[in-house]
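Down below is the structure, laid out as structure tokens.
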């Protein structure tokens, strides 16, 4: 037997009551070790022949901390990636029923794509046919409503949802749905209509306290949006659960805690998830100099997770099969005019579309760029111990030769120590 190359050992882990934490990024297993077992493991790691004891040895084997000499972990990771990437039993759709938007946010990556374009009956029919034609092999259909501002096309969401749910019911397919909205139209009546459409939760964004938010996320008229969003959250969150994203950069990241305090004071945080969104310059939509570095964001993100009581599994670093819908054969982003994309950052950019649902068109080379690009072409990734939880990072960034290293690269030990304490306390 041998030790896994994907082990992380953190003796005297900061914040943990144990002597050490051991974690394996390939299996996702984590354990705390007392001084005796830490010494045994370190001896085995160094000499390969220490007497671990039957129970401890079996535990290490079960978790993948030690493995059989014949196991090639790189092959295991790549096989798992290919199996996940080309699985045909799962379909993930990001559907934009409109590219119109009532906001003009300062950092919007879609700034050049906002226009009065709403989905037609023809495109709706084509989406239904697209899903139906693949339904025999499907076990899961997951839909995210996107835009523009999707609630500007609530009737289309209702119509298309009913038809997709009918397909899933008739074929015994598990259906799930969520919506990304700016929250301005999320009044109780709309929340009820979304819930009736099978939408499980909405993601809404605030950018700090009222004065700051209104300078960054304002209506097309220039009017602020903070008060309306807060009112809608208060009135609708018990109808449709809300995930609150607080977008942060160098200008406002301290204000995230002010929002957290406000929600706690008003008793709004119960039943909600609050998290920090990292503002980055997608599609040159924002000044890079105003963005937090990955290291700065990770530090703030961990502290905010702890302070907001975010669920453990949102914090925990888990091994991946594939990154996102961009590198999953059943993953698609659909624009209102029926164009199909692999990444939500590409929506509306015609030269990045893969094909059209309503025009005769063949798969364009962009499909291969997303589906065939992988970490094995990058020696830095191949040799990285975080590979199983990163797999080379964002396919879009990789395509543009932009570094997309895992968020855990700077402070994995801190995240694991927090996870360990939560588990031990429970």
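The values are calculated or read from the model by the stated rules, or taken from the named source; none is laboratory data. The structure presented is a predicted model; accordingly, all values stated were derived computationally and were not measured. Neighbour counts run over all protein chains shown; Cβ positions are idealised from the backbone, glycine included.
Values computed for the structure shown
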item	result
Residue within region 147-164 that is under 27 Å from residue 232 (Cβ atoms), part of a loop (DSSP other than H, G, I, E, B), at pLDDT 95 or above and touching a helix residue (DSSP H, G or I) at 6+ places or on another chain (Cβ under 8 Å) present	no
Among the candidates 421, 414, residue that is at pLDDT below 85 and either crowded, with 18+ Cβ neighbours inside 10 Å or assigned to a helix (DSSP H, G or I) (or both)	421
2 or more residues modelled with pLDDT of 95 or more and surrounded by 16 or more Cβ atoms within 10 Å (Cβ to Cβ): qualifying helices (runs of 4 or more DSSP H) within region 30-102	54-63, 73-85
Residue 162, sole failed condition from (1) buried (at least 21 other Cβ atoms within 10 Å of the Cβ); (2) without any contact (Cβ under 8 Å) to a residue 40 or more places away in the chain; (3) farther than 20 Å from residue 263 by Cα	(1)
Selection count where residues are touching a strand residue (DSSP E or B) at 6+ places or on another chain (Cβ under 8 Å) and either closer than 26 Å to residue 30 by Cβ or in the same structural domain as residue 29 (by TED's automatic domain parsing) (or both), scope region 359-402	1
Hey, residue 168 part of a helix (DSSP H, G or I), assigned by TED's automatic domain parsing to the domain that holds residue 251 and either in contact with a helix residue (DSSP H, G or I) (Cβ under 8 Å, 6 or more places away or on another chain) or crowded, with 16+ Cβ neighbours inside 10 Å (or both) or not	yes
Which listed residue, of 356, 335, is surrounded by 20 or more Cβ atoms within 10 Å (Cβ to Cβ) and farther than 28 Å from residue 318 by Cα	335
Scan of region 247-268 for residues that are buried (at least 18 other Cβ atoms within 10 Å of the Cβ) and assigned to a helix (DSSP H, G or I), ordered by number	255, 256, 259, 260, 263
Complete set of residues in region 371-397 that are under 26 Å from residue 313 (Cβ atoms) and in a helix (DSSP H, G or I)	375, 381, 387, 388, 389, 390, 395, 396, 397
Flag for residue 199 being under 20 Å from the mean Cα position of the chain (by Cα), surrounded by 15 or more Cβ atoms within 10 Å (Cβ to Cβ), assigned by TED's automatic domain parsing to the domain that holds residue 147 and closer than 23 Å to residue 106 by Cα	no
Residue under evaluation residue 415, criteria (1) outside the structural domain of residue 33 (by TED's automatic domain parsing); (2) under 21 Å from the mean Cα position of the chain (by Cα), criterion not met	(1)
Single match in 366, 313, 340 (criterion: free of Cβ contacts under 8 Å to residues at least 40 places away in the same chain and within 19 Å of residue 130 (Cα to Cα))	340
Hey, residue 179 assigned to a strand (DSSP E or B), buried (at least 21 other Cβ atoms within 10 Å of the Cβ) and in contact with a helix residue (DSSP H, G or I) (Cβ under 8 Å, 6 or more places away or on another chain) or not	yes
